[in-house]
Amino acid sequence: MEARLIHSTLVHGVDVDDMTRCRHYAGPSDIIAMRFRCCDGYYSCHQCHEALAHHVATRWKRSEYGAKAILCGACGGELTIEQYMASGFLCPACGAMFNAGCKNHYDLYFQLE
């Protein structure tokens with residue numbers, strides 16, 4: 001499936017499930033989707049965006065870290081980039097655990113300098 005409605009939000013992805021997991025990241029804590037700045041759409045991961053969006057991803061600027069850009073697949077809560085980075089990899093709304101390994105990919109989504 002290339003898109004799924006999750007908690008009233010359309011999430012694009014390759015084989016995306018009802019918690020935002022995809023073919024590339026399907027572990028128990030892989031339950032976030034990222035809203036991409038370039039197309040204003042939620043995708044399960046950077047690889048799903050690459051496969052489906054047909055354009056190069058644009059990273060969020062530091063000045064835009066107040067934007068709601070992360071969707072919790074457990075409860076449907078939207079987090080700002082700042083909230084997500086400060087969350088300790090737990091959803092502040094429902095307490096679901098996020099994959100801490102996602103921090104290794106921050107540079108694909110966010111400008112870090």
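The values are calculated or read from the model by the stated rules, or taken from the named source; none is laboratory data. The structure presented is a predicted model; accordingly, all values stated were derived computationally and were not measured. Heads up, the Cβs are rebuilt from the backbone with ideal geometry, glycines too, and the neighbour counts pull from every protein chain shown. Areas reflect the complete protein model, heavy atoms only, side chains present, ligands, DNA and RNA absent. Shrake-Rupley method; radii C 1.70, N 1.55, O 1.52, S 1.80 Å.
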Computed curve, the chain, Cα-only Debye sum without solvent term, log₁₀ I(q)/I(0) at 0.20 Å⁻¹, is -1.04
For the chain, the per residue accessible area (1.4 Å probe, Å²) is 51 Å²
Under the 7 Å Cα-to-Cβ spin-label approximation, Asp107 and Ser8 lie apart by a distance in nanometres of 3.8 nm
Of the candidates Thr80, Ile31, Leu52, the farthest towards the positive dipole end of segment 17-113 (Lys/Arg Cβ +1, Asp/Glu Cβ -1, centred on the Cα centre) is Thr80
To the nearest 20 debye, the chain has a Cα-centred charge dipole, built from +1 on Lys and Arg Cβ and -1 on Asp and Glu Cβ, of 160 debye
Along segment 44-60, Karplus-curve 3J(HN,Hα) (6.51, -1.76, 1.60; θ = phi - 60°) to the nearest Hz, with x for Gly and Pro, reads 5, 6, 5, 6, 5, 4, 4, 6, 10, 7, 6, 7, 6, 5, 10, 7, 5
With x for Gly and Pro, the residue-by-residue ³J(HN,Hα) of segment 95-102, computed from phi through the Karplus equation 6.51 cos²θ - 1.76 cosθ + 1.60 at θ = phi - 60° and given in whole Hz, is x, 5, 7, 9, 5, 5, x, 4
Long-range amide H partners of Phe110, meaning residues 5 or more apart or on another chain whose placed amide H is closer than 5 Å, are Trp60
Looks like segment 21-72, by Cα gyration tensor root eigenvalues a ≥ b ≥ c and the a/c under 1.5 rounded cutoff (else prolate when a/b is bigger than b/c, oblate otherwise), is oblate
Spelling it out for Ile6: with amide H atoms placed in the peptide plane at 1.01 Å from N, the residues 5 or more places away or on another chain with amide H under 5 Å from its amide H are Val11
Rounded to a whole %, the carbon-and-sulfur portion of the accessible area of the chain at a 1.4 Å probe is 50 percent
The simple spin-label model distance between Val56 and Asp15, using points 7 Å out along Cα→Cβ, in nm, is 3.0 nm
Cys75 and Leu90 label points (each 7 Å along its Cα→Cβ direction) are spaced in nm at 1.1 nm
Note to self: C-alpha centroids of segment 58-101 and segment 1-52 sit apart, in Å, by 14 Å
Per the helix-only model, the chain has a calculated mean residue ellipticity at 222 nm (DSSP H runs of ≥4, -39500 (n - 2.57) each, divided over all residues, rounded to the nearest 500) of -3000 deg cm²/dmol
